[in-house]
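Have a look at the structure below before the remarks.
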Amino acid sequence: MYSILPAIVSALFLAYGLYVVAEKGFTRVSTSFFILCITTVFWQATWAVLFQVQDPQWAGILVKSGYLLILFLPTSLYQFLTEISGRKGERRFVVTSYAIAAVLGILDLTTPWIVNGYYDYFFGYYPKAGPLHPLHVLQTVVVVTRGLYITFRQQQVAPPGQRQQLRLCITSVFIYFFAAVDYLCNYGVEFYPPGVVFIAISLGLIAVAVMKYDLMSPVVIAASVAHEMRTPLATIRLQAEALAQFLPELHKGYELAVAHGLCESTFSPGAAQKMADLSQAIRHQVDRSNAVIDMMLASARMEQIDTRTFGRQRASECVAEALEAYPFAKGERERVSVHIVEDFEFHGSSPLFVFVLFNLLKNSLYALKVAGKGSITLTLAAGTPMHTLSFVDTGTGISAATLPKIFDTFFTTKNSAGAGIGLAFCRRVITSFGGRMRCESVEGQYTLFAMEFPACMPASGPRSTRPGVLAA
């Protein structure tokens, strides 16, 4: 009877681990969660057998082998929390903790210092703490507390989409702490050990975070990394602005020194202009990186979009804002033109639509660069029952085999240059506006993205049929 609970928990965690790996594949995070589950499986399976055996010799073997897995369990939880928090620097401490657990494991198997025999309780045999067992208890407190701390710190700076996931993990770690009540049984306090219930609830909550909240989603991970990049980028921009402020004065002092024979001139002609351009180039690249970060964060927050904030937006104003804010490289802006047949309004979010245009501009400019030719044309046309914004580039085009996959999440043709979340994000945005998005393309000739919006009252304002003109 007393073996039923550990047997059920063992089967439950085997299912947890296999399900997550089957759904997510073997990544750093899923692998660490799988290790956590398998450790629990063998521990509880051993206890299920231990509570049934009558032979003291077998009991001695089982308490030693079963406790071996317990020694590694806190570190496996610490490893998982390290991976979901994205703390690469923490991995060396995880390795150290595993090394300590391995030493304790060797002592457990070869000496009575960790487990010194067993107690014969009413529910069956149970490990008796040896003189060095408090070291394992101390390690458990340290690594689980550390895991809780880094997860708490990460949720403070995480984007909203990931914050809920990490908070669920923090709750699970607090519940995990209650499992420490089992240690009393190792020191002679006789009661049926309930710790497995707390661990089952704890890891169950983590499994919910993994599957329901998509804790291991590359989108969430990418968004977390993107969010962390804001601070160093801001610092780089400030340093570039300081260069722009002080370099002219430094160069002026250098020229005076050369003029008075204090040093020889080693600068090539035009060096002063190159230094001035350097600061501007750095700031431009920072702005371009921030634009990409904005797109990644907006994509990760798609599930949290509150449509109650939507309102009537003027299409031409959104296009103008996107073209004004996008960090074009030299010569790129001149390749983009706007053709307004008739302006229109749609129901949605201006910032989200600007991010959609950013994504399309980024992709099309990349296609133009690869093709070494082409231009981009945006055409606005009001209609009934749908208004349309057409986005056409005459770059590389898309192959017929690839075209059906371009809106799939994580599909990309750019290898390491893309994450495959951009077009999936664009379609979700347009769908949230009540519209639809489609694509047609001929490889080597053009790519057309048509965004269609339910017709609202046509926007007032002048019409234009001239490319490159935005209605006022």
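Quick grid of which residues meet (1) in the same structural domain as residue 428 (by TED's automatic domain parsing); (2) farther than 21 Å from residue 344 by Cβ; (3) surrounded by fewer than 16 Cβ atoms within 10 Å (Cβ to Cβ):
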site: 361; (1), (2), (3): yes, no, no
site: 370; (1), (2), (3): yes, yes, yes
site: 376; (1), (2), (3): yes, no, no
site: 379; (1), (2), (3): yes, no, no
site: 388; (1), (2), (3): yes, no, no
site: 396; (1), (2), (3): yes, yes, no
site: 401; (1), (2), (3): yes, yes, yes
Which residue out of 50, 77 is hydrophobic (A, V, I, L, M, F, W, C) and under 23 Å from the mean Cα position of the chain (by Cα)?
-> 77
Scope segment 19-55; condition without any contact (Cβ under 8 Å) to a residue 12 or more places away in the chain and loosely packed, with under 14 Cβ neighbours inside 10 Å; matching residues = 22, 25, 26, 54, 55
Extreme residue, surrounded by the most Cβ atoms within 10 Å (Cβ to Cβ), among residues of segment 331-348 that are of a type in the set (A, V, I, L, M) and over 15 Å from residue 317 (Cβ atoms) | 336
Within segment 239-256, considering residues that are surrounded by 15 or more Cβ atoms within 10 Å (Cβ to Cβ) and of a type in the set (Gly, Ala, Ser), the one nearest to residue 273 (Cα to Cα) | 244
Filter result for residue 176 (hydroxyl-bearing (Ser, Thr, Tyr) and not in a strand (DSSP E or B)) | yes
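Just a yes or no: is a residue in segment 151-159 among the aliphatic types (A, V, I, L, M), in contact (Cβ under 8 Å) with a residue 12 or more places away in the chain and assigned to a loop (DSSP other than H, G, I, E, B)?
Within segment 151-159, the subset among the aliphatic types (A, V, I, L, M) is 157-158.
Right, trim to in contact (Cβ under 8 Å) with a residue 12 or more places away in the chain and you get 157-158.
Right, trim to assigned to a loop (DSSP other than H, G, I, E, B) and you get 158.
Among the residues of segment 151-159, at least one is among the aliphatic types (A, V, I, L, M), in contact (Cβ under 8 Å) with a residue 12 or more places away in the chain and assigned to a loop (DSSP other than H, G, I, E, B), which makes the answer yes.
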State all residues of segment 86-109 that are within 16 Å of residue 36 (Cα to Cα) and among the small types (Gly, Ala, Ser); if no residue qualifies, say none.
-> 97, 101, 102
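Residues in segment 63-75: is at least one basic (Lys, Arg) and either in contact with a strand residue (DSSP E or B) (Cβ under 9 Å, 6 or more places away or on another chain) or modelled with pLDDT of 90 or more (or both)?
Yes, the conditions are met somewhere in segment 63-75.
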Flagged pairs (Cβ under 6 angstrom, 6 or more apart or on separate chains; first in segment 377-398, closer than 23 Å to residue 367 by Cβ and among the polar types (S, T, N, Q); second part of a loop (DSSP other than H, G, I, E, B) and modelled with pLDDT of 90 or more) are 394/374; 394/375
Any pair with Cβ under 6 angstrom, 6 or more apart, that starts in segment 434-452 at a residue that is farther than 16 Å from residue 394 by Cβ and ends at one that is outside any strand (DSSP E or B) and of a type in the set (Val, Ile, Thr) = 437/430; 451/430
Check on residue 120, at pLDDT 90 or above and surrounded by fewer than 17 Cβ atoms within 10 Å (Cβ to Cβ) = yes
Would segment 186-196 turn up any residue that is in contact with an Asp or Glu (Cβ under 7 Å, 6 or more places away or on another chain) and either part of a helix (DSSP H, G or I) or outside the structural domain of residue 52 (by TED's automatic domain parsing) (or both)?
-> yes
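Table: residues versus (1) at pLDDT below 90; (2) not hydrophobic (A, V, I, L, M, F, W, C).
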{"site": "415", "(1), (2)": "yes, yes"}
{"site": "418", "(1), (2)": "yes, yes"}
{"site": "436", "(1), (2)": "no, yes"}
{"site": "440", "(1), (2)": "no, yes"}
{"site": "448", "(1), (2)": "no, no"}
{"site": "465", "(1), (2)": "yes, yes"}
Which of the residues that make up segment 8-32 are within 18 Å of residue 197 (Cα to Cα) and either of a type outside the set (A, V, I, L, M) or not assigned by TED's automatic domain parsing to the domain that holds residue 85 (or both)?
-> 10, 13, 16, 17
Name every residue in segment 74-130 that is over 20 Å from residue 195 (Cβ atoms) and among the charged types (D, E, K, R), in order of residue number.
-> 83, 87, 88, 90, 91, 92
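Yes or no: residue 365 within 21 Å of residue 453 (Cα to Cα), crowded, with 18+ Cβ neighbours inside 10 Å and either at pLDDT 90 or above or touching a Cys at 6+ places or on another chain (Cβ under 9 Å) (or both)? Write out each step before concluding.
Numbers: within 21 Å of residue 453 (Cα to Cα): no; crowded, with 18+ Cβ neighbours inside 10 Å: yes; either at pLDDT 90 or above or touching a Cys at 6+ places or on another chain (Cβ under 9 Å) (or both): yes.
For residue 365, the condition - within 21 Å of residue 453 (Cα to Cα), crowded, with 18+ Cβ neighbours inside 10 Å and either at pLDDT 90 or above or touching a Cys at 6+ places or on another chain (Cβ under 9 Å) (or both) - is not met.
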Which residues, counting only those in segment 249-297, are among the hydrophobic types (A, V, I, L, M, F, W, C), out of contact with any His (no Cβ under 9 Å at 6 or more places or on another chain), within 30 Å of residue 157 (Cα to Cα) and modelled with pLDDT under 75?
-> 281, 286, 291, 292, 295
Among the candidates 346, 353, residue that is assigned by TED's automatic domain parsing to the domain that holds residue 436, touching a Phe, Trp or Tyr at 6+ places or on another chain (Cβ under 6 Å) and in contact (Cβ under 8 Å) with a residue 40 or more places away in the chain = 346
Considering segment 420-450, residues that are charged (D, E, K, R) and in a helix (DSSP H, G or I), and then whichever is surrounded by the fewest Cβ atoms within 10 Å (Cβ to Cβ), we arrive at 428
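The values are calculated or read from the model by the stated rules, or taken from the named source; none is laboratory data. Keep in mind the model is a prediction, meaning the values are calculated, not measured. Here the Cβ is made from the backbone with ideal geometry for all residues, glycine too, and neighbour counts use every protein chain on show.
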